[in-house]
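Below is one structure; the comments refer to it alone.
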Amino acid sequence: MTLSSADQTRLDEFWQHCLKNQYFNIGYPENADFDYSDLHRFLRFSINNCGDWGEHSNYLLNSFDFEKDVMAYFSKLFNIRHEDSWGYVTNGGTEGNMFGCYLARELFPDGTLYYSKDTHYSVAKIVKLLRIKCRAVESLPNGEIDYDDLLAKIAADQERHPIIFANIGTTMRGAVDNITLIQQRLQQAGIARQNYYLHADAALSGMILPFVDEPQAFTFADGIDSICVSGHKMIGSPIPCGIVVAKRENVERISVEVDYISAKDKTISGSRNGHTPLIMWAALRTHSLAQWRGRVRHSLDAAQYSVDRMQAAGIPAWRNDNSITVVFPCPSARIATKYCLATSGKTAHLITTPHHQDNSMLDALIDEVIAESQPEPWRVKRLDDERWRAQQHQTPARIVHPRFDVI
């Protein structure tokens, strides 16, 4: 590859940008604590996992053997026999969610998909693409689905085959929907287990709950039909990816024979990245269960540390059980931008993924949030925010700040 000097300079500048910001993330659930240097040599090859990793393919440059190991690991982790399950390495959580909803639609073509208002935004795209009937359900204050509203809407719809989209760690609040309670309520409503589908979106918490002492229900043994997890979140990956696991009997409904690759395809995307199964395989093979527990414990401790510091300063921060997502009132636009915080309405969060080896970045953010929360200089801070907006050529109307609502 030969580049002009200008293009080479551009690449070099981006390299320095990446080095500077490698561990910046505190507002989004991405773990940058990884080293896959042993896999760099494979980037010279076009590795394509087209088709079912359990079958032979005429496309020889695939990483099926490694993908098979990855899926065996997750079937065990999520309490389903490997031979009774099937799944694959996806491009990320959205594809995993789509796969689960696709299976549900094939099982119940006229079923309605129910999801809480705290569900990831990708579901809105999925229901359009798959043309599934859907109903948004209210959420409880902590981000869980409102179980009363769920059952009320199922009853109002006279839905005989509900498709339940359960969150195992919501995007903004890290809430885990109680799938045991959902099943109990459905049974009480006269809906038998074989007449509904339960998909679990465990994008972040799917690599947290297996390693805590008292996890909420979330596995196949607890009653789910499919589950997806992101690879670039708690595990850590330079390429966005994920995994999805489902019951093999449901997957067989969508299997398609592809003659020119001499294999069956059960996936959403067809041609798939063959490098990400290598990444997932390497991550799982180089960390023992005890090491995963240690990483999760470190992240949970850092989250509780953040809650304690803010609460001690009078800031109403909180987190759900077994969650590394710390929720607190939205700070100023300046702080939110400086620390790349995810905000929604009057709420912000920070997420303590494993690459936060110490509390230095947490402390820096919390120090500024605490300083801003002091009542005396609030008018000065408002002026500072307005000057900052002017510098950024932003209009004040687009900025939401709860403390300014009283003015």
Query raised in the report: When DSSP assigns beta bridges and you keep just the ones with both residues in region 37-285, what percent turn out antiparallel, to the nearest 5?
Result: 50 percent
**Report entry** Overall form of region 1-51 per C-alpha gyration tensor (a/c, 1.5; a/b vs b/c)
**Finding:** oblate
Query raised in the report: Quick one: MET1, MET98, MET234, fewest Cβ neighbours within 10 Å first, how do they rank?
Result: MET1, MET98, MET234
Report summary line: The distance between the Cα centres of region 22-95 and region 333-356, in whole Å, is 29 Å
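For a quick check: sort CYS18, CYS134, CYS241, CYS340 by the number of other beta carbons within 10 angstrom, fewest at the front.
Lowest to highest Cβ neighbour count: CYS18, CYS340, CYS134, CYS241.
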Query - All lysines inside 25 Å of LYS133 as judged from Cα atoms, apart from same-chain residues fewer than 8 positions distant - result: LYS117, LYS125, LYS153, LYS247, LYS266
Query raised in the report: Can you give the extra length, in nm with one decimal, that the chain gains between ARG185 and ASP301 once fully stretched, where that is 0.36 nm per residue apart less the Cα-Cα distance?
Result: 38.4 nm
Requested in this report: Could you work out which residue, out of ILE224, ILE366, ILE324, moves most in a Gaussian network model of the chain, that is, has the largest mean-square fluctuation with Cα springs under 10 Å?
Outcome: ILE366
**Report entry** Relative contact order %, region 120-196, counting alpha carbon pairs below 8 Å whose residues are six or more apart
**Finding:** 27 percent
Requested in this report: Quick one: compute the contact order of the chain, relative version, from alpha carbon pairs under 8 angstrom and 6+ residues apart, as a percent.
Outcome: 21 percent
Query raised in the report: Can you work out the FRET efficiency for the pair SER46 and GLU214, with r the C-beta to C-beta distance and R0 = 30 Å, to the nearest 0.05?
Result: 0.10
**Report entry** Modelled label reach - ASP84, point 7 Å along Cα→Cβ, region 39-78 residues with backbone N closer than 15 Å
**Finding:** 75-78
Query raised in the report: Build a GNM of the chain with springs between Cα atoms under 10 Å: which of TYR115, TYR73, TYR88 gets the top mean-square fluctuation?
Result: TYR73
Report summary line: Taking r as the C-beta separation of ALA313 and ALA155 and R0 as 41 Å, the FRET efficiency to the nearest 0.05 is 0.35
Query raised in the report: Out of region 1-94, which GluC sites (Glu not before Pro) are coil in DSSP terms and have no more than 16 other C-beta atoms within 10 Å?
Result: GLU55
Report summary line: Counting as exposed only trypsin sites (Lys or Arg not before Pro) in DSSP loop states with no more than 16 other Cβ atoms inside 10 Å, the longest exposed-site-free span of the chain is 161-345
Report task. Quickly estimate the mean residue ellipticity at 222 nm for the chain, helices only: each DSSP H run with n ≥ 4 gives -39500 (n - 2.57), and the total goes over all residues, rounded to 500. Result -> -11500 deg cm²/dmol
Report task. Would you look at the GNM of the chain, springs on alpha carbons closer than 10 Å, and say which of GLY54, GLY190, GLY100 moves the most? Result -> GLY190
**Report entry** Projected label distance in nm at ASP7 and SER37, using a 7 Å step from Cα toward the beta-carbon
**Finding:** 2.9 nm
Report summary line: Between GLN16 and LEU61, the two model label points (7 Å from Cα along the beta-carbon direction) sit apart by a distance in nm of 3.4 nm
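Read the figures in this text as sums done on the coordinates, not as results from a lab. The model shown is predicted, which means the values in this text are computed figures rather than measured ones. Methodologically, a virtual Cβ is constructed for each residue, glycine included, from the backbone with ideal geometry; neighbour enumeration extends over all protein chains shown.
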